[in-house]
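So the structure is just underneath, and the comments pick up after that.
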Amino acid sequence: MTSAGTPWVELYRPKSLKDVSHQSEVVATLQNAVETGRMPHLLFYGPPGSGKTSVALALCRQLWHPSDWKRRVLELNASDERGISVVREKIKNFASLAVGKPQESFFSKKKDEDSMDVEEKKYPNPPFKIIILDEADTVTPDAQAALRRIIEAHSKITRFILICNYVTRVIEPLASRCAKFRFQALPPASMRDRLLTIAAAEGCSEQEVSLVDDILEQADGDMRRAVTTLQSVHSLAVGSQPLTKDIISEIAGLPPVAVMDQLWRALGADGTAATFDSMQKMVESISADGYSAKLLLSTLLTKVIVDNTLSELDKAELSIRIAEAEKCMMDGADEYLQLLTVCSHALGSFSRCTQESTRQ
């Protein structure tokens, strides 16, 4: 059992590369870098919660002794520090520092069952530092250009690990200087095994364990979200109130199933007559409740894809509208307007389907 305030995401983060789930090709390649002590600049990209940051930190832990690795590694989140001033000051200053000598002991000792010393394992202790730049795709183009020059100037004593969700947002001159590794979304089976392991270690009740599959459905391949949701469920599991799928949806920031069903009916998806005014009021109500438009659109897309009344052409057009809305929101557009736009197109599609079925 852990202390109540400890985030499970950090507590159960892989401590070494062999503990990483699913990313076997990435792990095998990086394990070779650990054994040889030779490593290029790296670019990790893939969906959120797929283990990019965990792999980067696990790699650093295996390169240097626990008493030394933190002074050799600078970890930055580019979403907070993405301007050119940070690149020129914080990153450049750390990159230009001399490596220095290692601490006195770079050996780890293990004990077997008879408490006898097992052969000491030496850390590679490569002669360079590492800068981990998380969410590198949010760094401004000017800052990326400055970062490219820093990488060129200090490559002998500094390695960079760039982490991003969208590799296309990293300028080519910067990306071409790195070995690229694509991280895949974790499969449900792998995530389920990990969640059950955590649940057992934390003493979760049978009711909490029974909700693991619902948590995985809401997480959509994001291990970080799944672990955070499990911890939240465990924290809320007090009293006699039963835990339900709607509670998990609330914890994950998703609208409850009942709310999505109301929106679905407001679009005329059940074959009943629907109006723009009623749909607009429903969208306003959902937005006022503070639900994320991105998650709403993601849930809406899932329902559109499996719907039996829409034609394949309508599904394709609505999918494109949802993708365009998500792009606009990432560029800073108003969430309510984007959600209303998508729902307006969906209302029109369902209205046409209803009219065609009536004529037939």
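Any read-out appearing in this document is the output of simple, stated calculations on the displayed coordinates, not a laboratory observation. For clarity, every value in this text was computed on a predicted model and none was experimentally measured. Note: ideal-geometry Cβ built from the backbone for every residue, glycine included; neighbour counts use all protein chains shown.
Things worth noting here:
- Expressed in Å, the radius of gyration and Dmax of the Cα atoms of the chain are 24.7, 85.
- Kyte-Doolittle mean at least 0.5 and Cα axial length at least 15 Å: DSSP H helices in the chain: 52-63, 293-306
- Of the trypsin sites (Lys or Arg not before Pro) in the stretch 154-247, those whose Cβ has at most 11 other Cβ within 10 Å and which sit in DSSP loop: 156
- The stretch 186-283 - percent relative contact order, Cα under 8 Å, separation 6 or more: 21
- Computed Rg/Rh of the stretch 316-360, alpha carbon atoms with Kirkwood Rh: 1.14
- Dividing the C-alpha radius of gyration of the stretch 257-359 by 2.2 N^0.38 Å, with N its residue count, gives 1.01.
- Sorting 13, 149 from the fewest to the most surrounding beta carbons within 10 angstrom yields 149, 13.
- Each helix, a run of at least 4 DSSP H residues, gives -39500 (n - 2.57); summed and divided by the residues of the chain, these come to -15500 deg cm²/dmol at 222 nm.
- Shape call, the stretch 160-223: gyration tensor on alpha carbons, a/c limit 1.5: prolate
- Tensor-based shape of the stretch 29-75 (alpha-carbon gyration tensor, a/c under 1.5 rounded, otherwise prolate or oblate): oblate
- Considering all different alpha carbon pairs of the stretch 188-251, the Kirkwood hydrodynamic radius works out to 11.5 Å.
- Of interest is the spacing of the C-alpha centroids, which for the stretch 120-175 and the stretch 239-308 amounts to 41 Å.
- When the pairs 281/303; 70/327; 15/180; 92/294; 180/315; 18/156 are compared against a 32 Å limit on Cα-Cα distance, 70/327; 92/294; 180/315 fall above it.
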